[in-house]
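Heads up: the structure comes next, in structure tokens.
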Amino acid sequence: MLNIAIDGPAGAGKSTIAKIVSKRLGILYLDTGAMYRSVALKALKEGIDTKDRLSLVKVADCIDICIKYRDNEQRIYLDKEDVSECIRTPEVSRAASDVAVVPEVRLKMVEIQRGIAAGNEVVMDGRDIGTYVLPNASLKIFLTASIEERAMRRYNEQKAKGITDIDLEEVKKDIELRDKNDSSRAFAPLSKAEDAVQIDTTKMTIEEVADKIISLVKRKI
Ligand code: C5P
């Protein structure tokens, strides 16, 4: 069963690349960040402080997260509502990084992720896929890019969505904070698996990165 793990810091291009690679290989794509974002959205909707661990454990206990695929694209449902778009705000990004620190939240998400990988060939992107979720993945990739490039990518993404009240320096600070949070947490932090191939995408086009991963997959199988 082909399982590809793509990890790396925010804005390194994981989801863009994972979508292309999964399409070219004809296998599923699972964006695990969307799951942590959904937990965060629920906490925010319920007015819960995203640093309040006990309340977050309760949220995770009764959360109903469901992944569906429409025209090969992942949609995520929170308590039966499609939240695929509204989990993309900067507020939810920050909150997701907070809720992702809580081991009980992670264990619940990992159970769903492993369940999907057990029944499907999949390209999964996240922070802990190669190190924790799929330690026996067929191929592990660790994508990086300079902080300036990653901030610029996120800034352009938001602009393309019609969001105009954003500041590049603020975007950069947000990313730095999330990276720090994600790398320093005790349980399943963001880190490169020993057997992962690291690709610095700073000066690469999307197609070049996808081609490189496809050639690594071909070498493996
Ligand atoms: O990838 P994305 O930016 O959507 O992820 C949102 C947040 O979810 C990350 O900043 C990180 O804190 C958390 N996350 C995680 N483990 C994953 C995927 C995402 O901790 N596998």
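The values are calculated or read from the model by the stated rules, or taken from the named source; none is laboratory data. These numbers were taken from a predicted model, which means no experiment stands behind them. Ideal geometry is used to build each Cβ from the backbone, glycine not excepted, and the neighbour counts take in all protein chains shown.
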- Task: Spot the failing condition for MET109; the list is (1) at pLDDT 95 or above; (2) among the hydrophobic types (A, V, I, L, M, F, W, C); (3) closer than 29 Å to THR205 by Cα, and only one is missed.
- Result: (3)
- Going by the structure shown, is SER146 closer than 21 Å to THR32 by Cβ, among the small types (Gly, Ala, Ser) and more than 16 Å from the ligand (Cβ to nearest atom)? no
- Quick one: count up the residues across the range 123-140 that are within 13 Å of VAL21 (Cβ to Cβ) and of a type in the set (Val, Ile, Thr). 1
- Would you mind stating whether ARG70 is modelled with pLDDT under 95, exposed (fewer than 14 other Cβ atoms within 10 Å of the Cβ) and not acidic (Asp, Glu)? yes
- Query: Going by the structure shown, is ASP174 closer than 16 Å to THR131 by Cα, in contact (Cβ under 8 Å) with a residue 60 or more places away in the chain and of a type outside the set (Gly, Ala, Ser)?
  - Reply: no
- Task: State whether one or more residues within the range 50-57 are more than 21 Å from LEU177 (Cβ to Cβ), among the acidic types (Asp, Glu) and at pLDDT 95 or above.
- Result: no
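Residue-wise test of (1) under 25 Å from ALA5 (Cβ atoms); (2) among the small types (Gly, Ala, Ser); (3) in contact with a Ser or Thr (Cβ under 7 Å, 6 or more places away or on another chain); (4) free of Cβ contacts under 8 Å to residues at least 12 places away in the same chain.
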site: MET35; (1), (2), (3), (4): yes, no, no, no
site: VAL39; (1), (2), (3), (4): yes, no, no, no
site: ALA43; (1), (2), (3), (4): no, yes, yes, no
site: GLU46; (1), (2), (3), (4): no, no, no, no
site: ARG53; (1), (2), (3), (4): no, no, no, no
site: VAL57; (1), (2), (3), (4): no, no, no, no
site: ALA60; (1), (2), (3), (4): yes, yes, no, no
site: ILE65; (1), (2), (3), (4): yes, no, yes, no
site: TYR69; (1), (2), (3), (4): yes, no, no, no
- Query: Taking the condition surrounded by 15 or more Cβ atoms within 10 Å (Cβ to Cβ) and charged (D, E, K, R), does GLU104 pass?
  - Reply: yes
- Note on the structure: Heads up, the helices (runs of 4 or more DSSP H) in the range 94-203 (entirely inside) with at least 1 residues that are over 30 Å from ASP49 (Cα atoms) are 103-119, 147-160
- Top-ranked residue in the range 84-135 [being more than 11 Å from the ligand (Cβ to nearest atom) and polar (S, T, N, Q); ranked as nearest to ASP61 (Cα to Cα)]: SER84
- Query: Does the range 201-211 contain any residue that is hydrophobic (A, V, I, L, M, F, W, C), crowded, with 17+ Cβ neighbours inside 10 Å and within 20 Å of the chain's Cα centre (by Cα)?
  - Reply: yes
- Which of the residues belonging to the range 167-198 are farther than 21 Å from ASN136 by Cβ and crowded, with 17+ Cβ neighbours inside 10 Å? VAL171, LYS172, ASP174, ILE175, ARG178, ASP179, ASN181, ASP182, ARG185
